[in-house]
Amino acid sequence: MLQCSSVIEDSGDYNLYGCRLPGPISSLSSVNFNSLSVLNIGFNFLCSKFSIWLLNISSIVFIDLSNNPLYGQISLGLGELPNLHYLDLSENENLTGCLSKLLSRSGKKIEFLNLALNNFLAAAYTVGGHSFSAAAIEYVILKMKPPVHRPQIALLLALHKLKVSEELRKSAIDTCEPLVAFALSTGMYSSSAVRIYKAKRLGEELQGAQHDFIRASVGLSSNGRLLVPKMLHCFAKSFVDNAKLAVWISHYLPPQQAAFVEQCISQRRQSLLGSRNCGILPFDSRFRYLFLLDQLSL
């Protein structure tokens, strides 16, 4: 049980992040939160069902319940809170809900949404009159391997629940196309942008997606080290040696940027900084869909 509720119940900011507090979250239901704007109780040991009393706090702007052993169904009423702009429910592996329904009720109010590492159901897609989940499309129809750069617990949960029907097998392609990795937008900050692909130019457009991702995501550190996103590093390491990775990436950059990268590589080789020219940027699983301006009119 939370013992310090009465101390700050009149405050607009309830911040107990990382306090290792035990007990059910329902123990807060008796507190007067009429003017509460920030509820930050992430990274505790609040083991209980998701509490619907949160839906009565119309003034709430910021909710962080991440890293708690919460379980049960998320109420779709969260999306209807009039002032909610920040919602973090990540790393509660037994929370369930429907992402598409939650977003449909929130409109454009929620600016930050993190649902990583829980048991939310994604939208299904209708293809040829048949409904397929995103996991079925990625791992069965497109025959992609589970990527090591993305959060593994959520992937394992999705694959464990995936039932492969005969109709699903018939819809699968013959062999995996590695460049599809740059076409999959998973709703995470480090994933590729949302694009529309046409069958007649699919190969060309997949190559274009690879070029765009590399140009948009790689960078240089202050000491001339090439910064490579983990997704790109995992894609390239199956056919490019680490020592040649920076040179391989430079081939996809505009001439001026490529020349600058090669100059930095040369300077590092001549200095005492060692031969490792690349740093790996960790995968960012925060919620985001990136839309390209030239695609919005299609």
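The values are calculated or read from the model by the stated rules, or taken from the named source; none is laboratory data. These numbers were taken from a predicted model, which means no experiment stands behind them. Quick reminder, even Gly has a Cβ in these numbers, built from the backbone with ideal geometry, and neighbours come from all protein chains shown. The protein model used for the area step is the full one, side chains on, heavy atoms only, and it has no ligands, DNA or RNA in it. Shrake-Rupley method; radii C 1.70, N 1.55, O 1.52, S 1.80 Å.
For the pair Lys143 and Glu80, how long in nm is the line joining their label points, each one 7 Å along Cα→Cβ?
4.7
Send over a whole-number figure in Å² for the accessible area per residue of the stretch 165-298, probe 1.4 Å.
Averaged over the residues of the stretch 165-298, the accessible area is 62 Å².
Could you tell me how far the Cα centroid of the stretch 209-256 sits from the Cα centroid of the stretch 34-49, in Å?
Cα centres, the stretch 34-49 to the stretch 209-256: 40 Å.
Considering only protein heavy atoms, what is the solvent-accessible area of His211 at a probe of 1.4 Å, reported in Å² to the nearest 10?
Around 60 Å² of this residue is reachable by solvent.
With each pseudo-label sitting 7 Å past Cα toward Cβ, what's the Glu177-Ser266 distance in nm, one decimal?
3.8
Kindly write out, for the stretch 201-213 in residue order, the coupling ³J(HN,Hα) from the Karplus curve 6.51 cos²θ - 1.76 cosθ + 1.60 (θ = phi - 60°), rounded to whole Hz, with x marking Gly and Pro.
With the stated coefficients, the stretch 201-213 comes to 10, 4, x, 5, 6, 5, 5, x, 5, 5, 4, 5, 5 Hz.
If you stretched the chain out fully between Ala193 and Gln73, how much longer would it get, using 0.36 nm times the residue separation minus the C-alpha to C-alpha distance?
40.2 nm
At a 1.4 Å probe radius, carbon and sulfur cover how many percent of the accessible area of the stretch 188-268? Spell out each step's value before the answer.
Numbers: 2370 of 4470 Å².
Ligands and nucleic acids excluded, carbon and sulfur reach 53 percent.
Ranked from the most accessible area to the least, with a 1.4 Å probe and all protein chains present, what is the order of Arg286, Arg169? Walk me through the intermediate numbers first.
Working: Arg286 90, Arg169 145 Å².
Output order, biggest surface exposure first: Arg169, Arg286.
When all protein chains stay in place, what accessible area (Å², nearest 10, 1.4 Å probe) is found for Glu80?
We get 110 Å² for Glu80.
Can you return the lysines within cross-link range of Lys244? Criterion is Cα-Cα under 22 Å, with same-chain partners fewer than 8 residues away left out.
Lys230
Could you pull out the pairs from Lys109/Lys143; Lys170/Lys200; Lys143/Lys200 whose alpha carbons sit more than 29 Å apart here?
Violating the 29 Å Cα-Cα cut-off are Lys109/Lys143.
Describe numerically, in nm with one decimal, the distance between label points set 7 Å from Cα along Cα→Cβ at Ile280 and at Asn34.
My value for the distance between the label points is 5.4 nm.
How long is the gain from Tyr17 to Cys47 if the chain were fully straight, where each residue apart is worth 0.36 nm and the alpha carbon distance is subtracted? Can you show the working numbers first?
Numbers: separation 30, 0.36 × 30 = 10.80 nm, distance 1.50 nm.
Stretched out fully, the Tyr17 to Cys47 stretch lengthens by 9.3 nm.
Leaving out ligands, DNA and RNA but keeping every protein chain, what accessible area does Asp241 have, in Å² rounded to the nearest 10, with a 1.4 Å probe?
Ignoring ligands and nucleic acids, Asp241 comes out at about 90 Å².
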